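Asker: Quick one: structure below, then a few questions.
The values are calculated or read from the model by the stated rules, or taken from the named source; none is laboratory data. All values derive from a computational prediction rather than experimental measurement. Heads up, the Cβs are rebuilt from the backbone with ideal geometry, glycines too, and the neighbour counts pull from every protein chain shown. Keep in mind that these areas ignore ligands, DNA and RNA; they rest on the heavy atoms of the full protein, side chains included. Shrake-Rupley method; radii C 1.70, N 1.55, O 1.52, S 1.80 Å.
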Amino acid sequence: MTPFNVIQTVCSHDCPDSCAVLVTVDEAGKAVKVEGDPTHPVTRGFLCGKVAKYLDRVYSPDRVIYPMRRRTGVAKGQIPHGEEQSAFERMSWDEALDLIADKLQEVSARYGPESILPYSYAGTIAALGYGSMDRRFFHRLGASQLDRTICATAGGDAFLTVYGKKLGTDTEDFHRARLIIAWGANIHGNNVHLWPQIEEARRSGARLIVIDPYRTRTAKLADWHIPIRPGTDGALALGMMHVILRDGLEDAAYIEAHGHGFEALRKRAGEYDPERVAALTGMTPDDVVRLAREYATTVPAVIRMNYGVQRSQNGGTAARAIAMLPAIIGAWKHLGGGMQLSTSGAFSFDGQALERPDLMKESPLGRPARVVNMSQLGAALTTLEQPRVHALFVYNSNPAAIAPNQNAVLRGMARQDLFTVVHEQFFTDTVDYADVLLPATTFLEHLDIQGAYGHYYVQFSQQAIAPVGESRSNVWLFGQLAQRMGFKERCFLDTPEEMIEQALNTAQNPAFPAMRGITPEELKKHGRARLRLGDNFLPFSDGIFPTRSGKIEFYSESLAEQGLDPLPAFVAPVESRHTKTDGAFPLEFLPRKADTYMNSTFANLPWHQRMEKATSGALEMNLEDAAVRKIVNGDAVEVFNSRGILQLRAMVGASVPPGVVAGRLSWNKLSTGGSNVNALTAETLTDIGRGATFYSTLVEVRKVQAGAEEPAAVEVCS
Ligand code: SF4
């Protein structure tokens, strides 16, 4: 054996870049180095700041390394930070699995299997870890199904209403663009492997425009930053259409060949003149015109829209309107032109084989179980009946920190009659509510296969090291539990290798030409395979749009049938400056993600905390809003609305426009007062896609007077 092995893995954190990660392992089996694969065309040999020091995380002394149960007498949610280890007592895996199986069977028999709720999202986005054996297990059990809406369904569903498939401009072609619009996209913070493409484009004369209410790192580096008001993106897209059509800058031939319902859209766009759009967005009419003309007359022009746009109540419609822009100017015809929201629609792993939805028919229900929206967990745990949720199984997620309407979520999770299992790597906020805690592997510690939503490579993620402590993968956990539950189906014995073969069933199916001939052997040998998209891939150049009309739908009959507007329009979110009625909460709140964390992941690591020090615990305010409230930089402030209250430190400046304030997501237990930004967010859903509406949140801010012992009381809705 050579003293060191270099193992090919893939970063499975929830990020479009899906980096190829080389892990150097010493002869004792310990990982000693992680680095980006220099041969990967998108990774290009570097990792982001979140993952560059990943071994600190893998070998952290704070890892959960064996199964544990809550000690008798320790109340849920009442564990002081730093004392988590002593709040739980060690148990063996056999004891833990038996206990969980017994409890799930008891709950199922007593209240029905739908009283069991899985809760997971993209703690890993690799195919097996994200959704495979776990889905089989909960399908077979007859548990409530989870509608996984918290991140991307509004934008994703909206894009599908227009094009029928989630394809996007190839990341590797962005360097060809001459105009790049980053719309709600903090590329420098959250999609950093696109950045070299943008730099290359700019060296060739391209301009970068950033549309974002917040002055992100990307905005600071742009040629033009447009700080529009939160939730007005759809109005701006309609205003751009207005100018483009008024000035005859559309690609009439492309629209004629591929569009459906365009004349209806033309009429609608006619209602959004630059003056009206300026009044809504906070721009000047001249800037609306300038933006539209620059966009329509620069070839190639590409929009990198990210999911921030769609986290408003009207976010689906906004994403839909923006998605229409490249079709209107014919940008899809040009290499480097078009739009990228996600490339995920090009990957066709065999979801039926991996997740086995057919097993729902084998469950005690013999039918599809009810569906619970993960963006409404608070309501699910506090008001949902018939049956009430009596068991919660959390993996790949930290709902106590990331779910909206946090006070309702925590009230629900604190219920004594709720049995909660948490499969985790660290002692997160959610762990504080666990009855049983199970140790989970990181991507270095298990085998998987992965697509991407920011490039077009299928990748094979080898297991680089043995699981740390007694940690185990999702596949292992749910396979073992299925045995304990007496599920006899062969699929519960499948190995990860077999499941990877199943995922690639589509490679033999002519219906999925992009997957053609991709084999586990090819992936193992090379670490990756580019989808069979051909050279110079132009999304939609085949003229195939799997929509109802078979065309690009500017007008959607499907939406009309759902009682929704078939055309894009600006409808103000209920919580916004446009609709506030009594003025009690006049400020629009942006509960932002930290650049160096991945949602709540990494927030507990010292190096990452140092990187976030400047804005950690801060409320960013515009000078105008601070002055009115007699707040200066560094003042202790309370941010509140009817759902909750936060204690933060004022950071006064120009990072947000007037009327907007911003805070950053961290763990509750690491935040002053024990709550994070989600204490203020609501469970209201988006207009399309039933997604979370984090960015439709109104608040008020007040200065904490020196010497005040207790925060002033705020009425919190129960
Ligand atoms: S978080 Fe994203 S950019 Fe960072 S290493 Fe993972 S995939 Fe790459």
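Asker: Give the residue that is nearest to I79 (Cα to Cα), with candidates limited to residues of region 390-428 that are β-branched (V, I, T) and out of contact with any Ser or Thr (no Cβ under 6 Å at 6 or more places or on another chain).
Answerer: T428
Asker: Of the residues D448, D432, which is touching a residue at least 60 places away in the same chain (Cβ under 8 Å), surrounded by 24 or more Cβ atoms within 10 Å (Cβ to Cβ), under 27 Å from the mean Cα position of the chain (by Cα) and within 22 Å of E89 (Cα to Cα)? Break it down stepwise before answering.
Answerer: Values: D448 fails: within 22 Å of E89 (Cα to Cα).
Going through D448, D432 in turn, the sole match is D432.
Asker: Report whether or not E263 is assigned to a helix (DSSP H, G or I), at pLDDT 95 or above and under 27 Å from S556 (Cα atoms).
Answerer: Working: assigned to a helix (DSSP H, G or I): yes; at pLDDT 95 or above: yes; under 27 Å from S556 (Cα atoms): yes.
The answer is yes for E263.
Asker: Among A572, A514, which is within 26 Å of the chain's Cα centre (by Cα) and either in a loop (DSSP other than H, G, I, E, B) or farther than 24 Å from F159 by Cα (or both)? Working first, answer last.
Answerer: Working: A514 fails: either in a loop (DSSP other than H, G, I, E, B) or farther than 24 Å from F159 by Cα (or both).
Of the residues listed, the single one that is within 26 Å of the chain's Cα centre (by Cα) and either in a loop (DSSP other than H, G, I, E, B) or farther than 24 Å from F159 by Cα (or both) is A572.
Asker: From the list H188, H225, which one is open to solvent by 30 Å² or more (accessible area, probe 1.4 Å) and either within 16 Å of the ligand (Cβ to nearest atom) or in a loop (DSSP other than H, G, I, E, B) (or both)?
Answerer: Every option except H188 fails the conditions.
Asker: For region 535-562, give me each residue that is exposed (fewer than 13 other Cβ atoms within 10 Å of the Cβ), charged (D, E, K, R) and part of a loop (DSSP other than H, G, I, E, B).
Answerer: Residues satisfying the conditions are D535, D542.
Asker: Would you mind telling me which numbered condition in (1) open to solvent by 20 Å² or more (accessible area, probe 1.4 Å); (2) on the phi < 0 side of the Ramachandran plot; (3) in contact (Cβ under 8 Å) with a residue 24 or more places away in the chain G261 fails?
Answerer: (2)
Asker: Anything in region 28-57 that is on the phi > 0 side of the Ramachandran plot and not basic (K, R)? List them, or say none. Walk me through how you get there before you give the answer.
Answerer: First pass over region 28-57, keeping only residues on the phi > 0 side of the Ramachandran plot: 29, 44-45.
Listed by number, the residues that qualify are G29, G45.
Asker: Could you please find all residues in region 228-242 being part of a loop (DSSP other than H, G, I, E, B) and among the charged types (D, E, K, R)?
Answerer: R229
Asker: So, in region 585-620, of the ones that are on the phi > 0 side of the Ramachandran plot and within 16 Å of the ligand (Cβ to nearest atom), which residue ends up surrounded by the fewest Cβ atoms within 10 Å (Cβ to Cβ)? Working first, answer last.
Answerer: Start the filter on region 585-620 by keeping residues that are on the phi > 0 side of the Ramachandran plot, which leaves 599, 602, 617.
If we keep only those that are within 16 Å of the ligand (Cβ to nearest atom) too, we end up with 599, 602.
Details: N599: 20, F602: 24.
Taking the candidates together, the pick is N599.
Asker: Any chance you could count how many residues in region 284-302 are touching a residue at least 60 places away in the same chain (Cβ under 8 Å) and over 16 Å from Y272 (Cβ atoms)? Full working, then the answer.
Answerer: Keep residues of region 284-302 that are touching a residue at least 60 places away in the same chain (Cβ under 8 Å), which gives 287, 291, 294-295, 298-302.
With over 16 Å from Y272 (Cβ atoms) added as a condition, the list becomes 294, 298-302.
Result for region 284-302: 6.
Asker: Which pairs do you get when a residue that is farther than 17 Å from G366 by Cα and modelled with pLDDT of 95 or more, found in region 107-133, comes within reach of a residue that is basic (K, R) and open to solvent by 20 Å² or more (accessible area, probe 1.4 Å), reach meaning Cβ atoms under 7 angstrom, with the pair 6+ apart or on two chains?
Answerer: Y121/R148
Asker: When residues of region 8-39 are filtered for being touching a Leu at 6+ places or on another chain (Cβ under 7 Å) and away from the ligand (no atom under 11 Å from the Cβ), how many remain?
Answerer: 3
Asker: When you scan region 676-718, how many residues do you find that are in a loop (DSSP other than H, G, I, E, B), among the charged types (D, E, K, R) and either in contact with a strand residue (DSSP E or B) (Cβ under 8 Å, 6 or more places away or on another chain) or at pLDDT 95 or above (or both)?
Answerer: Pass one, region 676-718, residues in a loop (DSSP other than H, G, I, E, B): 676, 680-684, 686-691, 693-697, 704-718.
The next check asks that each one be among the charged types (D, E, K, R); those that pass are 683, 687, 690, 709-710, 715.
Going one step further and asking which of them are either in contact with a strand residue (DSSP E or B) (Cβ under 8 Å, 6 or more places away or on another chain) or at pLDDT 95 or above (or both), we end up with 683, 687, 690.
Going through region 676-718 one residue at a time, the tally reaches 3.
Asker: Anything in region 40-52 that is more than 11 Å from the ligand (Cβ to nearest atom) and touching a residue at least 60 places away in the same chain (Cβ under 8 Å)? List them, or say none. Outline the logic, then answer.
Answerer: Initial filter on region 40-52 (more than 11 Å from the ligand (Cβ to nearest atom)): 41, 45.
Result: P41, single match.
Asker: Looking at T519, T506, which is the one that is among the polar types (S, T, N, Q), in contact with an Asp or Glu (Cβ under 6 Å, 6 or more places away or on another chain) and over 30 Å from G378 (Cβ atoms)?
Answerer: Of the residues listed, the single one that is among the polar types (S, T, N, Q), in contact with an Asp or Glu (Cβ under 6 Å, 6 or more places away or on another chain) and over 30 Å from G378 (Cβ atoms) is T506.
Asker: Name the residues in region 1-55 that are open to solvent by 70 Å² or more (accessible area, probe 1.4 Å) and in contact with a helix residue (DSSP H, G or I) (Cβ under 7 Å, 6 or more places away or on another chain), would you?
Answerer: Matches in region 1-55: R44, K53.
Asker: For A529, indicate whether it is in contact with a Phe, Trp or Tyr (Cβ under 8 Å, 6 or more places away or on another chain), within 19 Å of K165 (Cβ to Cβ), touching a residue at least 24 places away in the same chain (Cβ under 8 Å) and not in a loop (DSSP other than H, G, I, E, B). Working first, answer last.
Answerer: Values: in contact with a Phe, Trp or Tyr (Cβ under 8 Å, 6 or more places away or on another chain): yes; within 19 Å of K165 (Cβ to Cβ): no; touching a residue at least 24 places away in the same chain (Cβ under 8 Å): yes; not in a loop (DSSP other than H, G, I, E, B): yes.
Judged against the criteria, A529 is not a match.
Asker: Moving on. From E275, E294, which residue is in contact with a helix residue (DSSP H, G or I) (Cβ under 7 Å, 6 or more places away or on another chain), assigned to a helix (DSSP H, G or I) and surrounded by fewer than 18 Cβ atoms within 10 Å (Cβ to Cβ)? So that I can check it myself, show each step before the final result.
Answerer: Details: E294 fails: in contact with a helix residue (DSSP H, G or I) (Cβ under 7 Å, 6 or more places away or on another chain).
The match here is E275.
Asker: Right, next: Wholly within region 92-170, which helices (runs of 4 or more DSSP H) include no fewer than the required count, namely at least 2 residues that are open to solvent by 40 Å² or more (accessible area, probe 1.4 Å)? Give the derivation first.
Answerer: On the way: elements: 93-111, 127-130, 133-141, 153-163.
Correct list: 93-111, 153-163.
Asker: What number of residues within region 307-335 satisfy the criterion of being crowded, with 24+ Cβ neighbours inside 10 Å and not in a helix (DSSP H, G or I)?
Answerer: The total comes to 5.
Asker: Please go through region 514-531 and pick out each residue that is touching a helix residue (DSSP H, G or I) at 6+ places or on another chain (Cβ under 8 Å) and open to solvent by 10 Å² or more (accessible area, probe 1.4 Å).
Answerer: Listed by number, the residues that qualify are A514, R516, G517, T519, P520.
Asker: Return yes when L623 is more than 30 Å from R268 (Cβ to Cβ), at pLDDT 95 or above, away from the ligand (no atom under 16 Å from the Cβ) and surrounded by fewer than 20 Cβ atoms within 10 Å (Cβ to Cβ) and no when it is not.
Answerer: Numbers: more than 30 Å from R268 (Cβ to Cβ): yes; at pLDDT 95 or above: yes; away from the ligand (no atom under 16 Å from the Cβ): yes; surrounded by fewer than 20 Cβ atoms within 10 Å (Cβ to Cβ): yes.
Yes, satisfied.
For every residue, the table says whether it meets (1) touching a helix residue (DSSP H, G or I) at 6+ places or on another chain (Cβ under 8 Å); (2) among the charged types (D, E, K, R); (3) open to solvent by 70 Å² or more (accessible area, probe 1.4 Å); (4) not in a helix (DSSP H, G or I).
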position	(1), (2), (3), (4)
V458	yes, no, no, yes
Q463	no, no, yes, yes
A482	yes, no, no, no
K488	no, yes, yes, yes
F492	yes, no, no, no
E497	yes, yes, yes, no
L504	yes, no, no, no
A507	yes, no, no, no
L533	yes, no, no, yes
